[in-house]
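Enquirer: Have a look at this one before I ask anything.
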Amino acid sequence: MQNRIRVSQIVGDPTKGIPAIIPVGKSTLYRWVTTGQFPPPAVRLPGITWWNLEDIEVWIAEQSHQQGGN
């Protein structure tokens, strides 16, 4: 089973003490999804949106590589 991650775990939620993996707002993240700059959620139902953690990790690695990181 793949690890699932919710939007609040991606962009963080300071009120709940959840640090951001990607420090952007929810609207930015959803805009990136719409424009193809970020992987689409694996599950999107009313009130429930999940991403596969592996998809996010791959995206982060790609961003790092494009910016000259390791």
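The values are calculated or read from the model by the stated rules, or taken from the named source; none is laboratory data. On a predicted model such as this, the values are computed, not experimentally measured, just so you know. Cβ coordinates were reconstructed from backbone atoms using ideal geometry, including for glycine residues, and neighbour counts include every protein chain displayed.
Enquirer: Filter region 12-68 down to the residues that are in contact (Cβ under 8 Å) with a residue 40 or more places away in the chain and among the polar types (S, T, N, Q), then identify the one that is surrounded by the most Cβ atoms within 10 Å (Cβ to Cβ).
Expert: Selected residue: Thr49.
Enquirer: Sticking with this one: Being modelled with pLDDT of 95 or more and basic (Lys, Arg) is the filter here, so list the residues in region 27-45 that pass it.
Expert: Within region 27-45, Arg31 is the sole residue that qualifies.
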